1. Here are some residues: F86, F65. Which one is part of a strand (DSSP E or B), at pLDDT 90 or above and surrounded by 19 or more Cβ atoms within 10 Å (Cβ to Cβ)?
2. Y98 fails exactly one of the following numbered conditions: (1) in contact with a helix residue (DSSP H, G or I) (Cβ under 6 Å, 6 or more places away or on another chain); (2) part of a helix (DSSP H, G or I). What is the number of that condition?
3. Based on this model, can you work out whether N40 counts as farther than 20 Å from P179 by Cα and either surrounded by fewer than 22 Cβ atoms within 10 Å (Cβ to Cβ) or modelled with pLDDT under 95 (or both)?
4. Name every residue in the range 256-281 that is over 16 Å from the mean Cα position of the chain (by Cα), surrounded by fewer than 20 Cβ atoms within 10 Å (Cβ to Cβ) and of a type outside the set (S, T, Y), in order of residue number.
5. Please specify each residue of the range 130-156 satisfying the condition of being assigned to a helix (DSSP H, G or I) and buried (at least 24 other Cβ atoms within 10 Å of the Cβ).
6. Do we have A197 as at pLDDT below 95 and of a type in the set (A, V, I, L, M, F, W, C) here?
7. Does A202 satisfy the criteria of being under 20 Å from the mean Cα position of the chain (by Cα), surrounded by 16 or more Cβ atoms within 10 Å (Cβ to Cβ), closer than 25 Å to S280 by Cα and in contact (Cβ under 8 Å) with a residue 12 or more places away in the chain?
Amino acid sequence: MPLESVIEKPARALAMGLVDRNRQLLERASRHPYKIANSNGAELAAYVFIPEDWKPTDRRTCIVFFHSSQWDHGNITQFAPQAMFFASRGVVCILAEYRMGASDGMAPLQAMADARSAIRWARLNSAHLGLDESKIVASGGACGAHAAACAAMCDSDFDDPHDHSETSCVPDALVLFSPVLDISKKGVGLSAFADNARAKKANPLNAIRPGLPPMLLFHGGADSLVPISGAKKFSKKMKRKKNRCELMEFGGASHSFFNLNVNEELYYATVDAADAFLVSLGFLAAQPDTET
């Protein structure tokens, strides 16, 4: 299905009426297999939302979303409201599937490899998708956010061997929601790794260095699944290395506070903050009512 034929006007009002996360949300996107995930030929798909005035010759900012999970299950449509909003702002948005649920300690590694593959797929197809290769944003929640962060920070040991490794998987900016950023005994997720040495290499806290992409982190102060302490340590260490890293803490908010069908007010607060962050990077033009 041609990209230009699949998206109708995506806007806040539309997103407000679509909070049940069912597959009907994906009818406004075009589905593109971006990877064969196993020897049985199972596909992973990228669901692409395009702006109303999109043309193949465009060079637009792109956001690749990786839904929340604990590496066990998740919902591909979680970030569809955010994708439709940013499509209304002129951004090409992608919801990317990734593997979950492996019982042998492989799920985190598979998710990390898939995130790297999805970002590469967007870059490799930039001419068809109308993207600016230098304005690829990775976004995600919880372990999806971990996979996005590791695409930016971790080395090629986590690549899929079938990837086009000459194409960078490093996003140009990141917007992360309730992110898993501390894989350690004091953090979250260590038990999901079969190999402690590999878990140490997959810990974003251990991969901080100068020159990383700018990041915006959203976290609830009352998050019991992924405590905010990891995000705080991560943000402080990033700043010490002279990287831009903004942490927005939401008081008594719990883990899923940013979802439209959980808290409408906080959904809009995070969407507006992410919009302002991308404007500050030159990835978006300021909205008319915010221009000075």
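The values are calculated or read from the model by the stated rules, or taken from the named source; none is laboratory data. Given the structure is predicted, the values throughout are model-derived calculations rather than measurements. No Cβ is skipped: glycine too gets one built from the backbone with ideal geometry, and neighbour counts run over all protein chains shown.
1. Numbers: F86 fails: part of a strand (DSSP E or B).
Matching residue, one of F86, F65: F65.
2. (2)
3. yes
4. Answer for the range 256-281, where residues must be over 16 Å from the mean Cα position of the chain (by Cα), surrounded by fewer than 20 Cβ atoms within 10 Å (Cβ to Cβ) and of a type outside the set (S, T, Y): N261, V262, N263, E264, E265, L266, A269, D272, A276, V279, L281.
5. Of the residues in the range 130-156, the ones assigned to a helix (DSSP H, G or I) are 142-153, 156.
If the condition is that a residue be assigned to a helix (DSSP H, G or I) and buried (at least 24 other Cβ atoms within 10 Å of the Cβ), then A142, C143, G144, A145, H146, A147, A148, A149, C150, A151 are the ones that fit.
6. On the way: at pLDDT below 95: yes; of a type in the set (A, V, I, L, M, F, W, C): yes.
When the stated conditions are applied, A197 passes them.
7. Numbers: under 20 Å from the mean Cα position of the chain (by Cα): yes; surrounded by 16 or more Cβ atoms within 10 Å (Cβ to Cβ): yes; closer than 25 Å to S280 by Cα: no; in contact (Cβ under 8 Å) with a residue 12 or more places away in the chain: yes.
Judged against the criteria, A202 is not a match.
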